[in-house]
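Shown next, in structure tokens, is the structure this report addresses.
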Amino acid sequence: MEPPDTFEGSPWGAQPTADWNDPAYWANQYRELLAEADPWERDQTIDGDVSLLVWMLTAAGELPLSSPQTLLDAGCGIALIPHLLTFWGFQVTAIDLCPQAIEIGSHHQPTEEELLTYPIYWTPRPPPGQPPGGPVAYRVGDWLTADLPSFGVICCRNSLRCATKANWRRSLLRFHDLLVPGGLLILETHNALELQEEVEVLLDECGFAPWVAETRRDSSAKYWIALWPTG
């Protein structure tokens with residue numbers, strides 16, 4: 001019997017919708033956002049989720065080693081996160097279906113002072129004068145079908161919130177394939193607490209092990225850590 005394609009729970013204010021898979025929808029969202037006279041919502045989109053990801057990276061502690069430490073930002077949007085992570089030593093590929101997201105994100109020019117306000121504590125501080133941002137590899141595309149290398153870390157920040165269970169399953173299987181042994185999947189999913197148990201079952205089905213802080217980890221396993229904030 002095929003597993004159902006819909007979740008038993010439904011994230012508050014986030015029923016699955018075809019709009020969320022339409023690049024034109026996001027292009028319009030970004031266009032309106034950047035035209036806002038009040039910068040609060042714009043700044044929340046660009047800067048607001050940085051602290052959450054840094055908290056998750058810090059909670060994870062030392063990440064599985066790869067050389068270099070490679071990271072995929074799956075559904076990167078227009079946040080500063082790819083620039084921040086390259087500043088702290090990651091080799092980042094940022095992919096998004098929306099060409100406007102890639103255009104806007106790739107043209108961010110955060111200052112070194114701004115990037116230093118979000119330290120990833122177990123990562124050495126970059127040497128003084130290091131150019132901020134770094135060589136983010138921005139890609140327009142679908143993480144399910146794009147030709148991508150392997151990664152030590154995959155970060156998916158809210159990009160699956162409105163997806164059906166079938167798309168979650170396909171995405172988690174794809175992320176598992178793309179991770180190196182010992183790699184880590186970081187999930188951040190706003191307003192989707194009702195899906196948490198079902199998603200954790202999917203993660204288990206797809207071969208992931210839950211990340212447990214301060215325990216000896218199997219270098220051949222592939223791990224996940226998740227944050228389920230509301231609001």
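Calculate, for the range 166-231, the solvent-accessible area per residue in square angstrom, rolling a 1.4 angstrom probe over the heavy atoms of the protein chains.
Accessible area per residue, the range 166-231: 47 Å².
Ligands, DNA and RNA are left out, and with a 1.4 angstrom probe the accessible area of the range 66-108 is 28 Å² per residue. Amide H to amide H, with H built 1.01 Å from N, Q91 comes under 5 Å of Q69, T70, L71, counting only residues 5 or more places away or on other chains.
The values are calculated or read from the model by the stated rules, or taken from the named source; none is laboratory data. A quick note: this is a predicted structure, and the numbers were derived from the prediction, not measured. We work out accessible area using only protein heavy atoms, side chains counted, and drop any ligands, DNA or RNA first. Shrake-Rupley method; radii C 1.70, N 1.55, O 1.52, S 1.80 Å.
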